[in-house]
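Here's the structure we're looking at; comments come further down.
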Amino acid sequence: MTVWVVGGPTAVLELGGLRLLTDPTLSPAGVHESAPGRPLTKTEAPAFDVDVIGPIDVVLLSHDQHADNLDPAGREFLASAPLTLTTESAARRLGGTAHPLASWHGIVLDRPAGGTLEVVAVPARHGPEGCEPSTGEVTGFVVRGDGLPTVYVSGDNASLEIVHEIADRMGEIDVALVFAGAARTSLFDGAPLTLTGTDAAEAARLLDARWVVPLHVTGWAHFSEGPDDVRAAFAGANLADRLRVIEPGEIATF
């Protein structure tokens, strides 16, 4: 398994002969509106441009309603993507090749050299309890197949209770891509809308993941924590040996 970190929540996963892209944020730095009057500031350009990223088989889109998970260039990219897996509401809005997956439901994909890869949607909650009317529907994913590592992609989730449920229902996780920048806006008095570093360390313990890769920790102004905060949290929890920080522009093999 290989992971390319593009920046923000965006990474390429090469697994079982397939290439999957998480939450496409491919626009240059600047101000991008999630909705009229709701701007978010992108502070870094993507570390890989679309030509370098190359062909993608599947997009794993946690949600479409916020620019830090799907920016304008990311939306353009979806138009040429052969398959986008996402929430039921996002699939209705996006149309095209967007395919809805309800929580705990999956889709089986053929691998080029034989065998299959299963993608299962798992719950996510984008903020404190009761946040859904404001932040909307969000999903995470578990990707697995015979002879392959099992990968968890958290999406914009702030709930450790949900992580505990995923661990109980999905079994062993080898690699967890955890959105851990403690995103904060004016909503909910500034409560974190994604996991903090401390929460990410606890998620690693709950999942018993061999490796944890933090995403969604750089590139946008409303991320209140960065890679150093995650490193400190894992060190404090005696889990530093499970943490794999991959900087934007780097490619790591597991």
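Key figures
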{"quantity": "Segment HIS164-THR97, extension gain: residue separation times 0.36 nm, minus the distance between their alpha carbons", "calculated": "21.0 nm"}
{"quantity": "Length gained when the stretch ALA45-SER134 is fully extended (0.36 nm per residue, less Cα-Cα span)", "calculated": "29.3 nm"}
{"quantity": "Region 219-235 and region 43-94: distance between their alpha carbon centers, rounded to Å", "calculated": "23"}
{"quantity": "Solvent exposure of the chain as accessible area per residue, Å², 1.4 Å probe", "calculated": "40"}
{"quantity": "Cα gyration tensor category, rounded, prolate or oblate, for the chain with a/c compared to 1.5", "calculated": "rounded"}
{"quantity": "Leading residue at positive end of dipole, the chain (Cβ point charges), from ALA183, VAL59, LEU195", "calculated": "VAL59"}
{"quantity": "Estimated distance in nm for a label pair at MET1 and SER186, the labels positioned 7 Å out from Cα along Cα-to-Cβ", "calculated": "4.0"}
{"quantity": "Cα-based Rg of region 172-254 normalised by 2.2 N^0.38 Å, two decimals", "calculated": "1.06"}
{"quantity": "Backbone HN-Hα couplings from phi across region 200-216 [Karplus 6.51/-1.76/1.60, Hz, Gly and Pro as x]", "calculated": "5, 5, 5, 4, 4, 5, 4, 7, 6, 6, 5, 10, 10, 10, x, 10, 6"}
{"quantity": "Stretchable slack from SER89 to ALA29, in nm (0.36 nm times residue separation minus alpha-carbon distance)", "calculated": "18.8 nm"}
{"quantity": "Sequence-distant residues sharing a close amide H with HIS222 (under 5 Å, placed H)", "calculated": "THR41"}
{"quantity": "Selection from ALA11, VAL119, PHE77, by position along the positive dipole direction of the chain (Cβ)", "calculated": "PHE77"}
{"quantity": "Kirkwood Rh, angstrom, region 113-254 [1 / mean 1/r, Cα pairs]", "calculated": "15.3"}
{"quantity": "Accessible-area composition of the chain, carbon plus sulfur, in percent [1.4 Å probe]", "calculated": "50"}
{"quantity": "Nonlocal amide H pairs with VAL59, under 5 Å, H built at 1.01 Å", "calculated": "LEU21, LEU83, THR84, LEU85"}
{"quantity": "In region 1-89, trypsin sites (Lys or Arg not before Pro) in a DSSP loop with at most 11 other beta-carbon atoms within 10 Å", "calculated": "none"}
{"quantity": "Cβ-defined net charge surrounding GLY155, 11 Å radius [Lys, Arg +1; Asp, Glu -1]", "calculated": "-2"}
{"quantity": "Inter-centroid distance (Cα atoms) of region 163-188 relative to region 199-217, Å", "calculated": "7"}
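The values are calculated or read from the model by the stated rules, or taken from the named source; none is laboratory data. Computed from a predicted structure; not experimentally measured. When we count neighbours, we look across all protein chains shown, and the Cβ atoms used for this are built from the backbone with ideal geometry, even at glycine. Surface areas here come from the heavy atoms of the whole protein model, side chains and all, with no ligands, DNA or RNA. Shrake-Rupley method; radii C 1.70, N 1.55, O 1.52, S 1.80 Å.
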